[in-house]
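Working notes, structure below.
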Amino acid sequence: MSSLSISLRERLSIAVFAGVVATLLWVLDSGVALNFIMMTLYAALLAQAWNVLGGFGGQFSFGHALFFGTGAYVQAMAQVHWGLNPWLALPLGMVISTAVGLFVGALSFRYGLKGSYFALVTLAFAEVFRIVATSVPFTGAGVGLMVPLREGVDNMQFASRRGYGLLVLSLVVLALCLTHWLRHSRFGAWLQAVRDNEDAARAVGVNPFGIKLGAIALSAALMGSAGAFYVQVFQYIDPGIAYGPHTSVEALVGAIVGGMGTLWGPVAGALVLHVLADLTRNLFGQLPGINMVIYGMVLVLMVMFAPRGITGTGQSIRRWWLRSDRDHKKEQA
Amino acid sequence: MSTALLSLQGVTRSFGGLKAVHNVSLGVPDGSLTALIGPNGAGKTTLFALMSGFLLPDRGRIEFDGDDITGRSPHLNARAGMARTFQIVQPFAAQTVRENIAVGAHLHQGRRSMALAAAEAVAQQVGLASQLDKPAADLTVAGRKRLELARALATQPRLLLLDEVLAGLNPQEIAEMIPVVRAIARGGVTVLMIEHVMQAVMHLAQHVWVLAQGELIAQGSPAEVTGNAHVIEAYLGHGTAARLQGQAK
């Protein structure tokens with residue numbers, strides 16, 4: 001049936017994407033190019049994580065840094081304080097981020113918070129965690145935590161961006177597989193039903209509370225993996241980086257610009273934003289934070305003129321093109 | 001009457017000072033096709049919301065298949081076999097007709113492909129087969145009403161609560177829909193419908209309850225209730241029954 005072929009096509013496209021990007025990472029030698037690919041994939045991962053809860057679940061979080069920062073701190077603390085191998089710290093970070101997600105989700109969904117109220121609660125939680133991280137000793141307080149440099153694949157510290165690129169690529173592919181599953185599973189169907197109409201979903205046996213909790217758990221786990229990845233690349237984390245609004249904004253802008261609730265939207269959004277950010281950085285020199293200005297402008301333009309994002313608008317154009325092509329042929333016949 | 005699949009005992013619900021539903025008791029027999037009628041604002045939809053768990057009663061008891069379900073969540077009631085449609089249609093607008101119905105089918109069907117296949121079968125049953133791949137937002141009013149029905153039906157309910165599935169349809173669409181509802185009931189599903197279209201009530205219902213200002217004022221066969229003086233007055237105003245009788249003589 002048509003839906004099965006869609007599913008197959010999606011799986012193929014994920015495989016092709018993984019193959020092409022891995023090959024690029026393997027053959028490219030320029031540090032700039034490798035860095036660009038790595039940072040774009042990292043931004044895609046943030047957007048993909050947000051897309052699970054925001055795009056498929058319709059719960060717009062403004063504080064996804066909460067899960068990012070938690071994953072990052074666990075990754076750093078596990079190595080600095082507990083001497084854990086980073087390959088073990090990464091899943092641990094994802095688990096603890098998930099736990100934080102379940103906690104925030106249970107609190108806010110229990111009381112039916114949605115829309116801007118949910119956004120504000122997540123923002124508030126991220127701020128609370130930032131302030132706590134600034135004051136308690138085990139996060140290194142305001143100074144932050146530095147992960148000691150000890151290069152080696154067994155220590156998840158790579159000689160070049162190539163290794164990190166492959167690491168983040170595998171996380172992005174994991175997120176793609178998860179998104180694919182959301183599009184073709186009962187859980188995903190129920191999640192989208194809750195997003196589109198909660199009462200109608202309840203009437204056909206969907207428990208919105210449980211479904212939203214599941215979505216925030218998955219979203220938080222992916223976000224936590226992005227945080228852990230960040231710590232491995234930059235070997236440093238402080239409260240501002242971990243829980244500040246920058247990451248939250250990057251995650252949601254990527255998903256909204258790319259297309260919410262789609263498979264490739266977050267990846268497309270991240271790519272477009274990174275190309276734009278790099279161009280403006282070259283044009284405007286080293287104005288710090290200029291990329292955030294660009295993100296804001298792009299977001300406003302997209303919401304005004306293409307609310308379905310790049311992929312959604314692309315689809316409409318393609319459908320329109322096919323239709324006008326068909327009409328044209330009909331006229332000739 | 002056979003045993004009641006759904007029974008209400010003294011169910012009351014107020015909104016502030018307004019008694020939307022007051023001391024309503026009724027029993028829906030298993031395997032029956034029944035109707036709930038009444039003037040606008042009588043509390044019919046509120047009563048449906050109380051039955052299906054969307055609202056909590058202030059007082060009273062609701063039983064489904066012998067179990068006390070008073071105050072139980074709608075999703076648990078749906079799992080137990082009670083499905084409802086909404087008077088104001090509630091499609092998952094961003095999704096196609098097929099996907100909409102599949103959400104209902106997923107209640108008892110974990111696999112996506114099986115749920116989509118089940119959706120197709122249900123669409124056939126309610127006459128939506130030709131529109132399966134349309135976005136739900138593109139359907140006409142009649143189409144959306146059918147979709148409401150299809151989605152509820154896809155959960156394979158034992159009891160179907162239909163809230164004005166005929167409202168807003170033109171006579172031809174109504175004539176098309178009546179056999180669909182009858183076929184569902186013949187298939188073994190107990191149906192309770194709220195309906196304003198008397199043509200349908202007269203054709204379909206075996207038993208009718210009349211609700212006015214939150215209270216049950218009459219019940220019986222369609223012919224009985226439409227001849228009932230209380231019912232005529234509830235619809236047309238005090239004294240009308242006597243006047244109509246005078247005219248008839």
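Read the figures in this text as sums done on the coordinates, not as results from a lab. Owing to the predicted nature of the structure, the values given are computational and were not obtained by experimental measurement. Cβ sites come from the backbone with ideal geometry, for glycine too, and all protein chains shown count toward neighbours.
Kindly indicate the residue of the stretch B:12-36 that is in contact with a Pro (Cβ under 9 Å, 6 or more places away or on another chain) and buried (at least 22 other Cβ atoms within 10 Å of the Cβ) and also nearest to B:Gln219 (Cα to Cα) among those meeting that condition. Filtering the stretch B:12-36 for residues that are in contact with a Pro (Cβ under 9 Å, 6 or more places away or on another chain) and buried (at least 22 other Cβ atoms within 10 Å of the Cβ), the one nearest to B:Gln219 (Cα to Cα) comes out as B:Ala35. The set of residues in the stretch A:10-59 being of a type in the set (Ser, Thr, Tyr), assigned to a helix (DSSP H, G or I) and surrounded by fewer than 18 Cβ atoms within 10 Å (Cβ to Cβ) consists of A:Ser13, A:Thr23.
Annotation: of all residues in the stretch B:96-108 being crowded, with 20+ Cβ neighbours inside 10 Å and more than 23 Å from B:Leu169 (Cα to Cα), the one that is farthest from the other protein chains (Cβ to nearest Cβ) is B:Ala105. Against the criterion of being within 14 Å of another protein chain (Cβ to nearest Cβ) and either within 16 Å of the chain's Cα centre (by Cα) or among the basic types (Lys, Arg) (or both), B:Gly81 qualifies. Cβ-Cβ distances below 6 Å connect the following pairs, each with a first residue in the stretch A:141-161 that is aromatic (Phe, Trp, Tyr), a second residue that is part of a helix (DSSP H, G or I), and a separation of six or more residues or different chains: A:Phe158/A:Tyr164. Only one of the numbered conditions (1) assigned to a loop (DSSP other than H, G, I, E, B); (2) surrounded by fewer than 24 Cβ atoms within 10 Å (Cβ to Cβ) is not met by B:Pro157, and that is (2). Picking from B:Gly60, B:Gly81, which residue would you name as being touching a residue at least 24 places away in the same chain (Cβ under 8 Å), more than 23 Å from B:Arg186 (Cα to Cα) and either surrounded by 19 or more Cβ atoms within 10 Å (Cβ to Cβ) or not hydroxyl-bearing (Ser, Thr, Tyr) (or both)? Residue meeting the stated conditions: B:Gly60. Within the stretch B:71-87, the residues that satisfy the criterion of being touching a helix residue (DSSP H, G or I) at 6+ places or on another chain (Cβ under 9 Å) and of a type outside the set (Lys, Arg) are B:Ser73, B:Pro74, B:His75, B:Asn77, B:Ala78, B:Met82, B:Ala83, B:Thr85, B:Phe86, B:Gln87. Output the number of residues of the stretch A:237-292 satisfying the condition of being over 15 Å from the mean Cα position of the chain (by Cα) and β-branched (Val, Ile, Thr). Summing the residues that are over 15 Å from the mean Cα position of the chain (by Cα) and β-branched (Val, Ile, Thr) in the stretch A:237-292 gives 5.
Residues in the stretch B:109-119 that are more than 8 Å from every other protein chain (Cβ to nearest Cβ) and in contact (Cβ under 8 Å) with a residue 12 or more places away in the chain: B:Ala118, B:Ala119.
Applying the set (1) among the aliphatic types (A, V, I, L, M); (2) out of contact with any Pro (no Cβ under 9 Å at 6 or more places or on another chain); (3) touching a residue at least 60 places away in the same chain (Cβ under 8 Å) to A:Ala255 leaves exactly one unmet item: (2).
Among the candidates A:Gly55, A:Gly71, which residue alone is under 28 Å from A:Asn291 (Cα atoms) and within 14 Å of chain B (Cβ to nearest Cβ)? Exactly one of A:Gly55, A:Gly71 is under 28 Å from A:Asn291 (Cα atoms) and within 14 Å of chain B (Cβ to nearest Cβ), namely A:Gly55. With respect to B:Ala136, determine if the residue is under 24 Å from B:Ile178 (Cβ atoms), buried (at least 22 other Cβ atoms within 10 Å of the Cβ), more than 10 Å from chain A (Cβ to nearest Cβ) and touching a residue at least 12 places away in the same chain (Cβ under 8 Å). The answer is no for B:Ala136.
Report, by residue number, each residue of the stretch B:92-108 that is in a loop (DSSP other than H, G, I, E, B) and touching a residue at least 40 places away in the same chain (Cβ under 8 Å).
Scanning the stretch B:92-108 gives B:Phe92, B:Ala93, B:Ala94, B:Gln95, B:Leu107, B:His108.
The single condition from (1) farther than 27 Å from B:Gly53 by Cα; (2) touching a strand residue (DSSP E or B) at 6+ places or on another chain (Cβ under 7 Å) that B:Arg111 fails is (2). Just one of the listed residues (B:Val189, B:Val126, B:Val181, B:Val122) is in contact with a Leu (Cβ under 7 Å, 6 or more places away or on another chain) and within 25 Å of A:Trp181 (Cα to Cα), namely B:Val122. Scanning the stretch A:60-69 for residues that are buried (at least 23 other Cβ atoms within 10 Å of the Cβ) and within 21 Å of A:Leu263 (Cβ to Cβ) turns up A:Ser61, A:His64. The residues of the stretch B:52-63 that are within 14 Å of chain A (Cβ to nearest Cβ) and either under 9 Å from B:Leu159 (Cβ atoms) or not aliphatic (A, V, I, L, M) (or both), listed by number, are B:Ser52, B:Gly53, B:Phe54.
Name the single residue, out of those in the stretch A:235-273 being in a loop (DSSP other than H, G, I, E, B) and more than 14 Å from chain B (Cβ to nearest Cβ), that is nearest to A:Gly57 (Cα to Cα).
Going through the qualifying residues, I end up with A:Leu263.
Residue-level check: of (1) more than 14 Å from every other protein chain (Cβ to nearest Cβ); (2) in contact with a His (Cβ under 7 Å, 6 or more places away or on another chain); (3) not charged (D, E, K, R), B:Gln156 misses just (1).
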